[in-house]
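> My questions will all concern the structure given below.
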Ligand code: NAD
Ligand code: TDX
């Protein structure tokens, strides 16, 4: 596959994927991105102009999506409204982009018979108890909690139906929480890192016992390339790197790695409907497709992420004040 259309390629995980593709393949990439508050063209700075092209546009624009899809071998669909907290305050953009946008792309993939890979989340499975020995697998029933995760679940089901009903050549991956460079400061890890840089105390929702299963964004990218190359059409693959950590431990690690006291954080209002724990069993991807994560060690991945935010303040500075004003208005 030499020509790829990457939707949401100016966002966090999409831009990491574009960097990964340029570094590890010969493919040419067209990025389709609306450049919402979460998109940033600067995340693609430094990439070769003869290999990466950015088209500003909306995935619900069927005419534009058709034109771009007709000219590539495969569509890798990252674009989404991605933040749970926003979905609790204004769900409509989540329905528009995550459901109607995915529908629009599927119709184009169907029309031009293009390979399609859909990027999704472990949140479609709901949450687990802290002491549950089970982890999510590809057969766990869908049970999403938030407007965000319910629209992602809906988009996954559209993909499955388009494979079965129309023979669209699609695969799906559901990944756990990503961390790494280019993540918007609204999200947990970059919010706390940039808070410490700005002299603001980190903010932990509720008790902080909630567990997330962290994976470096570059490992997510290598998994997606593996699925594009070797994945079986119609199959779903869970992506995870055995990175379970409770939120309080992550905040304490950030503080100590940044030279602060480990308890120098505040507890703030909890998220409504806050999922307790996510945990991924990625055995299928590892045994059937031979994928392995490269970033085994969360602490060193976190240290390099902290260093990235320290040296790239111009990338995030303009979003920081608006993000913190929004959180402050919600008591968070
Ligand atoms: P992000 O919010 O950082 O980026 C989303 C990108 O999509 C932005 O560049 C934005 O401008 C673009 N976009 C939004 N609406 C659009 C539209 N209508 N048309 C075109 N572009 C549009 O999100 P992210 O964290 O990089 O997540 C990317 C994908 O990965 C999403 O599908 C998300 O559900 C999934 N995912 C994220 C995580 C995570 O930890 N962040 C984990 C698993 C899965
Ligand atoms: O300031 C904060 N304090 C805090 O305690 C923020 C922003 C979050 N949290 C908690 C909430 C979660 O338990 O940290 C955890 C992680 O929060 P987010 O970064 O908002 O991620 P999450 O809600 O887990 O969802 C993420 O992973 C799955 C992505 O945003 C989704 O797009 C992806 O599908």
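> Picking from 11, 46, which residue would you name as being crowded, with 16+ Cβ neighbours inside 10 Å, in contact with a helix residue (DSSP H, G or I) (Cβ under 9 Å, 6 or more places away or on another chain) and at pLDDT 95 or above?
One residue alone meets the criteria, 11.
> Tally up the residues in the stretch 266-314 that are within 26 Å of residue 205 (Cβ to Cβ) and within 16 Å of ligand 2 (Cβ to nearest atom), please.
21
> Would it be correct to say that residue 251 is under 21 Å from residue 211 (Cβ atoms), in contact with a strand residue (DSSP E or B) (Cβ under 6 Å, 6 or more places away or on another chain) and in contact (Cβ under 8 Å) with a residue 60 or more places away in the chain?
No; evaluated as a whole, the condition is false for this residue.
Rundown of residues vs (1) within 25 Å of residue 282 (Cβ to Cβ); (2) at pLDDT 95 or above; (3) within 13 Å of ligand 2 (Cβ to nearest atom); (4) surrounded by fewer than 16 Cβ atoms within 10 Å (Cβ to Cβ), yes/no style:
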position: 92; (1), (2), (3), (4): no, yes, no, yes
position: 97; (1), (2), (3), (4): no, yes, yes, no
position: 115; (1), (2), (3), (4): yes, yes, no, no
position: 121; (1), (2), (3), (4): yes, yes, yes, no
position: 141; (1), (2), (3), (4): yes, yes, no, yes
position: 156; (1), (2), (3), (4): yes, yes, yes, no
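> Mind counting the residues in the stretch 168-199 that are touching a helix residue (DSSP H, G or I) at 6+ places or on another chain (Cβ under 8 Å) and surrounded by fewer than 18 Cβ atoms within 10 Å (Cβ to Cβ)?
The number of residues fulfilling the criteria is 3.
> Same structure, new question: Restricting attention to the stretch 172-210, report how many residues are closer than 30 Å to residue 115 by Cβ and either over 19 Å from the mean Cα position of the chain (by Cα) or more than 16 Å from ligand 1 (Cβ to nearest atom) (or both).
Residues in the stretch 172-210 being closer than 30 Å to residue 115 by Cβ and either over 19 Å from the mean Cα position of the chain (by Cα) or more than 16 Å from ligand 1 (Cβ to nearest atom) (or both): 0 in total.
> Taking residue 202 as the residue in question, decide whether it is within 11 Å of ligand 2 (Cβ to nearest atom), modelled with pLDDT of 95 or more, over 23 Å from residue 104 (Cα atoms) and touching a helix residue (DSSP H, G or I) at 6+ places or on another chain (Cβ under 9 Å).
Against the criterion (within 11 Å of ligand 2 (Cβ to nearest atom), modelled with pLDDT of 95 or more, over 23 Å from residue 104 (Cα atoms) and touching a helix residue (DSSP H, G or I) at 6+ places or on another chain (Cβ under 9 Å)), residue 202 qualifies.
> Same structure, new question: Scan the stretch 187-194 and tell me whether some residue there is more than 7 Å from ligand 2 (Cβ to nearest atom) and either without any contact (Cβ under 8 Å) to a residue 40 or more places away in the chain or in a loop (DSSP other than H, G, I, E, B) (or both).
There is no residue in the stretch 187-194 that is more than 7 Å from ligand 2 (Cβ to nearest atom) and either without any contact (Cβ under 8 Å) to a residue 40 or more places away in the chain or in a loop (DSSP other than H, G, I, E, B) (or both).
> Across the stretch 280-307, what is the number of residues that are in contact (Cβ under 8 Å) with a residue 12 or more places away in the chain and farther than 29 Å from residue 228 by Cα?
The total comes to 3.
> Output the number of the condition that residue 42 fails; it satisfies all remaining conditions of (1) more than 18 Å from residue 117 (Cβ to Cβ); (2) within 7 Å of ligand 1 (Cβ to nearest atom).
Failing condition for residue 42: (2).
> Follow-up. Which residues, counting only those in the stretch 1-33, are part of a loop (DSSP other than H, G, I, E, B), in contact (Cβ under 8 Å) with a residue 60 or more places away in the chain and closer than 24 Å to residue 315 by Cα?
Matches in the stretch 1-33: 8, 9, 11.
> Inside the stretch 62-85, can you point out the residues that are more than 14 Å from ligand 1 (Cβ to nearest atom) and touching a residue at least 60 places away in the same chain (Cβ under 8 Å)?
71, 72, 73, 74
> In addition: Scan the stretch 86-106 residue by residue and report those that are within 11 Å of ligand 1 (Cβ to nearest atom) and in contact with a strand residue (DSSP E or B) (Cβ under 9 Å, 6 or more places away or on another chain).
101, 102, 105
The values are calculated or read from the model by the stated rules, or taken from the named source; none is laboratory data. In this text, all values refer to a predicted model and were calculated from it rather than measured experimentally. Counting neighbours? That spans all protein chains shown, and the Cβs are built from the backbone with ideal geometry, glycine included.
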